[in-house]
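The values are calculated or read from the model by the stated rules, or taken from the named source; none is laboratory data. None of these values were measured; they are calculated from a predicted model. Glycine gets a Cβ as well: all are built from the backbone with ideal geometry, and neighbour counts include every protein chain shown.
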């Protein structure tokens, strides 16, 4: 139920390097009133994601940068409190790019209604949302993984990587991955269907670790990290290998862009293809995925893990921890009760 | 006409770094005799190409390394002196991977007959051979250049690059390129159809030079060089740009692989595709090209320049000069008279 006050998180200053608590500001405002065509939403779950780090820089990219002093934005699932938009009614569950805040007013056209079932509401921010869609588009549409392929996934226990592994198994691939703690590595083989996994932080040689994990070489790399691990996998790619470049989390917090992998010559000799992609360019594949994924979840073929922090005031900490690799699975912040 | 002696060039030692004259050995042997199924060829033209540098290293690649003490191999056009292979007769013109020598004996199955016209015989080693086919496959099949695209070509005055520029114009693109001398740069706009070109050796900032050459950005990069120029073009790529990775001449003479370009993150944000390729993987596209290219040459749409050195004993020098960028257009060594 609405109270009079809306707690909000704003960008206080642009980080240089790692994000710090001081880059955020907590403010209180009166809850907004929807104008014609607008909707007031009580925010229930919000997503924090690595791509947000890029938006904190004042750099033109595929989405505009966050502005200093403004409320930060995130993917949010919420419930409608008051609607002045045809087709959305009080009590509907919706999702959209809303604020890091307890209540948001949004143009109704920018909201998407979601069903209250058959899976938990928060899943629409994760396995059924951008991370799951990203896994599917990258693995199946960009890298064109097919049965029998040797697939390698970096940041394999993350929101995207944990879905990639399972999708690879569903599609008949062999799948290996790397993650940054023994606990995460264990989750890969125990929960997320990986055939083999290793901890890149304790590897003496990343190239050797990749070779041991994939003795036949790598046909498909799903790359979330970049930097040294990208180079290590590159040296282990098989002829005609495909690399889906999804993210470069290793680069997000660097002030200067780092050199790319050594061995670019291998891309020629082994006829490799590297392709960057943004999931929102592929709406049809996303719809195809959501349809299939609900079935896979209900059949138990697709497992999902969330880390849920409580309260909007803890969103900055959840985001900072995410960037430092302290979470497993999809990082969610719960802002109010789900019902 | 055969004499009794066959002059041959052998690999005396593996170069480390730049190739030197001492890495080659000149030997004399009796002219070989074809056995059943074999053909004796009087070699007329041979090709020297940057990829041969890779074969001088003892490294597994898409073609096996040259062996120390053995006669070096090259693409050769010659005339049949004696044939013991059905379907090839004395007097036929053939091409194949033969030796750096005046006469070669070859398995007849590895030779391809070529017509005596309508274009000069040596063209089959260049504009109608691997370099021309490479230009076509990379630009049209790998990078999918289409009318209106902004195309950038590195090593633009080389055997491949000088064809890429012309093919880009034939297909309705705008095309810019870089080369390593003012004379080469002049040839790009005056002979090879480039809209604009610059000398990378005298550029104060490669990224600025690329931006000035392509103010709208680059849709297609045909990359022969790698290293700094690849990085400079990467920063100027437009969304959904395609990079055909044909070669990395900047890396061939380095003992250690160098880091890749800074700004790999751009590949994600701008949804770029980088693809390595080897022309021999694309035989249908090559046939399609030769058919079209003969017509374009006869219509004057496709111009060609060769540098021809005389005599097999000068082949090492021609190859060394090629690697140092001292030639313009396709480097050929003439071994005997064309008729």
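Some notes on this structure:
- Checking A:139, A:111 one by one, the residue that is crowded, with 22+ Cβ neighbours inside 10 Å and under 13 Å from residue A:222 (Cα atoms) is A:139 and no other.
- Residue match in the range B:150-158 (condition: at pLDDT 95 or above, under 26 Å from residue A:240 (Cβ atoms), within 12 Å of chain A (Cβ to nearest Cβ) and not in a helix (DSSP H, G or I)): no
- Extreme residue, modelled with the lowest pLDDT, among residues of the range B:239-259 that are in contact with a strand residue (DSSP E or B) (Cβ under 7 Å, 6 or more places away or on another chain) and within 20 Å of residue B:149 (Cα to Cα): B:246
- Among residues of the range B:63-85, those that are surrounded by fewer than 15 Cβ atoms within 10 Å (Cβ to Cβ) and in contact with a strand residue (DSSP E or B) (Cβ under 8 Å, 6 or more places away or on another chain), counted: 4
- Residue B:267 passes every criterion in (1) modelled with pLDDT of 95 or more; (2) crowded, with 24+ Cβ neighbours inside 10 Å; (3) facing another protein chain (nearest Cβ under 8 Å) apart from (1).
- Which listed residue is over 22 Å from the mean Cα position of the chain (by Cα), over 27 Å from residue A:48 (Cα atoms), in a helix (DSSP H, G or I) and not assigned by TED's automatic domain parsing to the domain that holds residue A:323, from A:207, A:147: A:207
- The listed residue being within 21 Å of residue B:225 (Cβ to Cβ), within 14 Å of chain A (Cβ to nearest Cβ) and modelled with pLDDT of 95 or more, out of B:273, B:262: B:273
- Odd one out for residue A:338, checked against (1) modelled with pLDDT under 90; (2) surrounded by 16 or more Cβ atoms within 10 Å (Cβ to Cβ); (3) touching a helix residue (DSSP H, G or I) at 6+ places or on another chain (Cβ under 7 Å): (2)
- Subset of the range B:314-339 [more than 10 Å from residue B:159 (Cβ to Cβ) and out of contact with any strand residue (DSSP E or B) (no Cβ under 6 Å at 6 or more places or on another chain)]: B:314, B:317, B:319, B:320, B:321, B:323, B:324, B:325, B:326, B:337, B:339
- Set B:274, B:302: member being crowded, with 16+ Cβ neighbours inside 10 Å and free of Cβ contacts under 8 Å to residues at least 40 places away in the same chain: B:274
- The numbered conditions (1) outside any loop (DSSP other than H, G, I, E, B); (2) touching a helix residue (DSSP H, G or I) at 6+ places or on another chain (Cβ under 6 Å); (3) surrounded by fewer than 22 Cβ atoms within 10 Å (Cβ to Cβ) are all true for residue A:105 except (2).
- Matching residues, the range B:305-335, being in contact (Cβ under 8 Å) with a residue 60 or more places away in the chain, surrounded by fewer than 17 Cβ atoms within 10 Å (Cβ to Cβ) and part of a strand (DSSP E or B): B:308
- Subset of the range A:277-293 [at the interface with another protein chain (Cβ under 7 Å from one of its Cβ atoms) and within 15 Å of the chain's Cα centre (by Cα)]: A:277, A:278
- Residue match in the range B:159-173 (condition: touching a strand residue (DSSP E or B) at 6+ places or on another chain (Cβ under 6 Å), under 27 Å from residue B:271 (Cβ atoms) and part of a strand (DSSP E or B)): no
- Considering residues of the range B:237-246 that are touching a helix residue (DSSP H, G or I) at 6+ places or on another chain (Cβ under 6 Å) and touching a residue at least 60 places away in the same chain (Cβ under 8 Å) only, the residue farthest from the other protein chains (Cβ to nearest Cβ): B:244
- Qualifying positions in the range B:187-204 - under 22 Å from the mean Cα position of the chain (by Cα), without any contact (Cβ under 8 Å) to a residue 60 or more places away in the chain and either surrounded by fewer than 18 Cβ atoms within 10 Å (Cβ to Cβ) or outside the structural domain of residue B:231 (by TED's automatic domain parsing) (or both): B:189, B:190, B:199, B:201
- Selected residue (only one of A:24, A:93 is surrounded by 13 or more Cβ atoms within 10 Å (Cβ to Cβ) and closer than 23 Å to residue A:124 by Cβ): A:93
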